[in-house]
1. Ignoring ligands, DNA and RNA, what percent of the 1.4 Å accessible area of the stretch B:423-521 is carbon and sulfur?
2. If you keep only loop residues by DSSP, which trypsin sites (Lys or Arg not before Pro) in the stretch A:80-132 have at most 11 other Cβ atoms within 10 Å of their Cβ?
3. Calculate the FRET efficiency for A:Glu72 and A:Arg626 from the Cβ-Cβ distance with a Förster distance of 35 Å, rounded to the nearest 0.05.
4. Once you put a point 7 Å from the Cα of A:His460 and another 7 Å from the Cα of B:Ile380, both along the Cβ direction, what distance in nm separates them?
5. Which residue, chosen from A:Tyr421, A:Gly31, B:Val358, occupies the Cα position most advanced towards the positive end of the dipole of the protein assembly as shown, where the dipole is computed from +1 (Lys, Arg) and -1 (Asp, Glu) charges on Cβ about the Cα centre?
6. Treating the beta-carbon of each Lys and Arg as +1 and of each Asp and Glu as -1, no other charges, what is the dipole magnitude of the stretch A:140-191 about its Cα centre, to the nearest 20 debye?
7. Along the stretch B:34-45, what does the Karplus equation 6.51 cos²θ - 1.76 cosθ + 1.60 (θ = phi - 60°) give for ³J(HN,Hα), rounded to whole Hz, x for Gly and Pro?
8. So with the 1.4 Å probe, I'd like the accessible area per residue for the protein assembly as shown, rounded to whole Å².
Protein chains: 2
Amino acid sequence: MSGIAPTATPVLPIRGRLRPVGLGDVRITGGFWAERQSVNAVASLPHIEHWLEREGWIRNFDLAARGDLAGERRGREFADSEVYKFLEAVAWEIGRGGDPGLESRFRSVVRRVAAAQEPDGYLNTRFGGRGQAPRWSDLEWGHELYCVGHLLQAAVARARTRPGADDGLVEVARRAADNVCETFGPDGVTGLCGHPEIETALVEFARVTGDDRYLAQAALFVDRRGHGLLGDVEFGRQYFQDERPVRAATVLRGHAVRANYLAAGAVDVAVELKDAALLEAVRTQWRATVARRTYVTGGQGSRHQDEAFGDDWVLPADRAYSETCAGIGSVMLAWRLLLADGDVRYADLIERTLFNVVATSSSTDGRAFFYTNTLHRREIGSVPDADRPSLRAAASLRAPWFEVSCCPTNVARTLASLAAYVATADDEGLQVHQYLPGTIAHRLADGPDLRVTVLTGYPHDGVVRVRVDSDDDRPWSLSVRVPGWATRGATVTVDAGTRPVGPGTVTERRVWRRGDEVVLRLPMTPRFTYPDPRIDAVRGCVAVERGPVVLALESVDVAGGGSVDDLRVDTRQPPRVVDGRVTVRCRRIRPREDEWPYRGTPAPPDPVDADLDEVALVAYHAWANRGPSTMRVWLPTTD
Amino acid sequence: MSGIAPTATPVLPIRGRLRPVGLGDVRITGGFWAERQSVNAVASLPHIEHWLEREGWIRNFDLAARGDLAGERRGREFADSEVYKFLEAVAWEIGRGGDPGLESRFRSVVRRVAAAQEPDGYLNTRFGGRGQAPRWSDLEWGHELYCVGHLLQAAVARARTRPGADDGLVEVARRAADNVCETFGPDGVTGLCGHPEIETALVEFARVTGDDRYLAQAALFVDRRGHGLLGDVEFGRQYFQDERPVRAATVLRGHAVRANYLAAGAVDVAVELKDAALLEAVRTQWRATVARRTYVTGGQGSRHQDEAFGDDWVLPADRAYSETCAGIGSVMLAWRLLLADGDVRYADLIERTLFNVVATSSSTDGRAFFYTNTLHRREIGSVPDADRPSLRAAASLRAPWFEVSCCPTNVARTLASLAAYVATADDEGLQVHQYLPGTIAHRLADGPDLRVTVLTGYPHDGVVRVRVDSDDDRPWSLSVRVPGWATRGATVTVDAGTRPVGPGTVTERRVWRRGDEVVLRLPMTPRFTYPDPRIDAVRGCVAVERGPVVLALESVDVAGGGSVDDLRVDTRQPPRVVDGRVTVRCRRIRPREDEWPYRGTPAPPDPVDADLDEVALVAYHAWANRGPSTMRVWLPTTD
């Protein structure tokens, strides 16, 4: 293993049904995610650092240190947070044993950040300087507490991967957190941040430092929200979840990133303070959100105007917003609920979101990103400028950077810390949640030292072999997750016995010997997926999935370059694999003359122009890597 | 008749296939639109004047006259235009013989406006004053030329309804127009306005004044657009149609009001300058827009974020934007094309848009308005504040006023001038396009003096009786329009002969005697309407229409107060009329437990909770007049 602490993980609750297994104990050795981690380290992190310098967002700290901010500072009000998220990503990357040169780059940026901190701990390049608006003067939009939150998360990553390192980041974070507690504590300003994030960060910082003052402050922020303490804004207070207390809400709503970050923080607070009612409130919100407000990709947020959840069942495929950061927020929330409750449906959503939102955001070269992840692109858009930040909602091709560039750094920190989301432990043994080639170790308290190797080509193939590498005379439990999508055909083999299994947790408890194996076989035949009839936007359509991967029809795969909107899928023939690619049988309809599109009779069967036979699909996460194209995930059927 | 000039009409082209018949020659004497004109005069105009005063938008002119604007001016950058649109509405209302008290109110506001005009003709309360941004310093968002455009249109209305009146409005407009020509003429600033409107206004002002300089300036503005002369904005230059020249565009795109106003101005220029290529470009854009980007209501614009057209076929019912002003812009454009081409499909769209967008905007009492006209409301929203301007996109109940309050004044001027859109003439005779009880007169050049009375209960019933009131020995043609929706069952009766007729124009040419009649009988049986299968958002749904009126299912009509989203229409039974209301046969589906909403098998037929038998529908234009409710126009079927 890497030699770092087993507790090297972003989330380390004091209690819960399951315990996380950290980066020190999980090593990803190959496959889908190792490849992405490698691209993240080799390409994305330098790319991000380049743009942070180029846009002047790191230099803002230099200016602040010199007192030169007025008129000189660049970037939006939350630009500091991108520097912190970069630091967090680098801290995790160092933790997992990345490029040795990273350590000096990390320290260099930390020094520049630290130099900008005010004597009382306040740290923000947008407010409070000479010629700037006063500190905390715009809680609705200013993002000051949000920025501190990301500073704390960077410090958490550092403290858990290099405990006792002398770079000073943890001390900077502690002074900033103290300043927050002094300013917004019980005797301070009765305020909160327009963008939740400080809540979850303060709880984790309390876990790292052992200082419960930060936890109390987080609880205060959670409880303050929903009472209209923030000013009203164009999008209404629902936008930042201030229209209703967390405990009273029944579903996630408003800005989808804000909503998930807040819910994650509420779970953290609830777990630490044994607040069962608060936990149950978030659990209820999660269930409703997943059932009625989540795309098949796991994406969340359907509205461009306010980057927000729509009403129940409003899940348009075209112009789906599905912000990358909302997907990451959803993973953060689901992971916390998984640790609290142990229900693998949370891990199901994490898997779906990782493969279909997080993996979709980055280009294969790791130097361009989707901010939004639409499920249907009707027109070939303009190619993003390689040399200029794009507007945040650019959804044509991936862009190198954004004016609001939250997603690239968020993807980077998530990929660098991905090992932390693979497995958990409890007093009985080990649970493997995400399937990738690697090793997992865990020492049970007063129990055996558990070690397993996972051998798999997942998600390319469905065989997941969990091999025991340790010997102990005491029994322990080894659990694997049968994903929710594997409703039929999954089996588990232990020793010579194979049995069918359905979605949920499969646990084997026994004395394990080195070389023993649990083999999970998942049905990887591509399949049609049908939407709930309440989702108006995709009625009469099917999606195609293979394992946890959502597929898409991309115009570059359509013979003759036709529109993806002119194809109709014949569902009588299931999707199949031809030459390694999933194909569906399609017919093409002929474009009509322009006329009034509403008629007194049902549209006659569209005239068939050609039998295209088989059209190859592409993994949704891989689309838009072959030049400008159109695309759809939900395919109208010939029915 | 009212004694005002037959040319009292907003649009008076120099040539074209058809000539408008103005307010002086058309009198609306009863029925659906007379009722709305009456409410407009009695309730809406005083309501609007009250809010214009209350919000300080008229007072801005007083402040400007005193040089006190800095820091004192209220309202958005286009607030002046609301005052001008109010003046235009009042001018038409005076023209159609409204309340005698209106004249002094009109003159009073004109005096206050006139007092604010600068010596060189510049007139705007937002720019150029002491402490304000300089004139023309923000062409993208400043709306200065837009405001002048509405000033000109008010002056046009005045000049045509009270020629030679000594209130001075026409002179104020002339000085403002001269200032525009001097500033932006061939030797001036190569600029244009972010919001088209000045183009169509300048052409009409040229028609009123006979001064072709205004026409030339309008042509210049039309040709300047599409070359990136405006700065880039968050929504892209397409937002204000500056990404592509008018002549090169193939469809309306970007902000839906801007797009229609620009196209209307382009038709005006094309007609005056005999620019066949320009006219054909707009004609092509109109056809594509109506075929692929228009709601069944005639509404246009599907995106909240930028109030814009979506891509082809993106017509979501929920969160449909369908701004009232875009509907009015569409009527403006279609009317100009009808005059140019004579194709009654333009009149079809006008009818549809009047009944289902313009009539929908106002509450029955005329004191509240929809800014957007969604086709599906899933959740009961908050009730707009009766005492405060609402946000522009408030779509819950109609609101008394908006921070961006373009729609109420636009509806007011449209209703007050509605008689101008009823009929046209050519050298052969008279064409009746819109059906309402009233009288139409027209003197053909060197020909007979034509007079007809229209007797009808339309759209409540489908019998339209056009009775000739004049005698002349020379033959002339009387044409009626068979609407596009009347694909079957329409008949025309002349003398004793009745014959079936299909959509289009039906013309009878003969010598007409007083008392002769053409009776058009339109099929008013309610009917299901099916969407083009390319419109993903409403696949598997039907709408219900009766005549030109789109119907809706509103929750207040659902027994037991169930959700409109839980009903499925059985299309095997056509809609029918029960006790004067249109009903459909529905079944209610049972809500499901919260679970992952995407499955490996087609959803089983939804469990039926109850046979509701007949559910009554409401005219879409009448919904949301009975308290908060949910609503849908497109109804999923049981198929």
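The values are calculated or read from the model by the stated rules, or taken from the named source; none is laboratory data. Remember, predicted model here, so these are calculated numbers, not experimental data. Cβ placement follows ideal geometry from the backbone for every residue including glycine, while neighbour counts extend to all protein chains displayed. With ligands, DNA and RNA removed, areas are computed over all heavy atoms of the protein, side chains included. Shrake-Rupley method; radii C 1.70, N 1.55, O 1.52, S 1.80 Å.
1. Values: 1930 of 4040 Å².
C and S atoms contribute 48 percent here.
2. Those that pass, being in a loop and sparsely packed, are A:Arg130.
3. Numbers: r = 42 Å, r/R0 = 1.19.
The formula returns an efficiency of 0.25 here.
4. 5.7
5. Result: A:Gly31, furthest along the dipole toward the positive end.
6. Roughly 320 debye for the stretch A:140-191.
7. Running phi through 6.51 cos²θ - 1.76 cosθ + 1.60 with θ = phi - 60° gives 4, 4, 5, 5, 5, 4, 4, 6, 7, 10, 5, 4 Hz.
8. With the other protein chains kept in place, the protein assembly as shown gives 33 Å² per residue.
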